[in-house]
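Colleague: Next up is a structure, given as structure tokens.
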Amino acid sequence: MAFDALREALEKDANLRGELEAALDLNVRRVNPTDRANRFGSGAAVEWILAAAAYAAKVLTIPGGHNADGFDLKDLREDARGLWSVKNTTQRSDFRLTNGIGGAGAGFTDPVVFLSPALPGITYIDPQMHQEVAHRVEVKSDATILKFRIVEEHARRRPECVAVCRMPSNPGTGQDDPWMDYVESLLSADRFPQLSRLFAASKPTRGTLTSELRELVAQREAGNISREQFDALVARLGV
């Protein structure tokens, strides 16, 4: 089973486990998942991190083999999603398995790996193999819910379903906004010369005073910043 291979790899390879734990910790420190606007971006990062760990553990089957160059990362992510879905929380909150529009969604139909600092590790539940858990799912008006304590009990009763991994707590200090980075890449100066001024003007100046002034003059002459923005940035330099 794929999860068994990942669990064994994390048990045997302390370096791989250390990288996984460090990556999960860095993600939660940079992007605060309690911010509802960033929650999906943070959750997507967790999916990618687990896919990277699975690939390193030789779990995923990439078309052309693991040594093939240039495989599509989207295919890799879909392969990972075919193995299990990922549900994570940085506290002891219940897990929302599926959502629906005016309903509970598809329900608990596919294997799931659960991540939380309150769990002993990455916890695997397959609704077909672990029907004693699947039968305890709660169907709400807008979602399918699995209580945290049920996942915790499953992890305690079935250690073979737990891959050792220390999950980070959320320090609540993350300031990164993944959507801002995306919009900045979208609004390139060559295509959107006026809209891109916001991001150009926000960049900190670097280097000597002379080089910084030259850079500001070049941005003004290129139309990337207005005269008012230019004057404000020059004033910050103390000129």
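Colleague: Please give, to one decimal in nm, the separation of the simple spin-label points placed at GLU138 and TYR55, each 7 Å out from Cα toward the Cβ.
Modeller: Between GLU138 and TYR55, the simple spin-label model gives 3.8 nm.
Colleague: Figure the gain on full extension for VAL234 and TRP179 (residue separation times 0.36 nm, minus the Cα-Cα span) and round it to one decimal in nm.
Modeller: Full extension of this stretch gives 16.9 nm more.
Colleague: Let me ask something else. Taking 0.36 nm per residue of sequence separation and subtracting the Cα-Cα distance, how much length would be gained by fully extending the chain between GLN128 and VAL217, in nm to one decimal?
Modeller: Length difference between fully extended and current span is 25.5 nm.
Colleague: What's the carbon and sulfur percent of the chain's accessible surface, probe 1.4 angstrom, rounded to a whole number?
Modeller: Percent of accessible area from carbon and sulfur atoms in the chain: 51.
Colleague: Something else now. Counting heavy atoms of the protein chains only and a 1.4 Å probe, report the per residue accessible area for the chain as a whole number of Å².
Modeller: 58 Å²
Colleague: Out of VAL133, GLY41, SER169, whose Cα points farthest toward the positive end of the dipole of the chain (charges: +1 Lys, Arg; -1 Asp, Glu; placed on Cβ)?
Modeller: About the Cα centre, the residue reaching furthest to the positive side is SER169.
Colleague: Using a basic spin-label model with each label point 7 Å from the Cα along Cα→Cβ, how many nm lie between ALA189 and ASP13?
Modeller: 4.2 nm
Colleague: Roughly how tilted is helix 39-56, in degrees to the nearest 10 and between 0 and 90, from the longest Cα axis of the chain?
Modeller: Around 70 degrees separate the two axes.
Colleague: Could I ask something else about it? How many lysine pairs in the chain, separated by 8 or more positions in sequence or lying on different chains, have Cα atoms less than 25 Å apart?
Modeller: Pairs that pass both the separation and distance tests number 7.
Colleague: Label ASP4 and THR34 with points 7 Å out from Cα along Cα→Cβ: what is the distance between them in nm?
Modeller: Modelled inter-label distance: 4.1 nm.
The values are calculated or read from the model by the stated rules, or taken from the named source; none is laboratory data. Just so it is clear, the model here is predicted, and its values are computed rather than measured. Because the Cβ atoms are built from the backbone with ideal geometry, glycine has one as well, and the counts that use them run over all protein chains shown. SASA here: full protein model, heavy atoms, side chains in, ligands and nucleic acids out. Shrake-Rupley method; radii C 1.70, N 1.55, O 1.52, S 1.80 Å.
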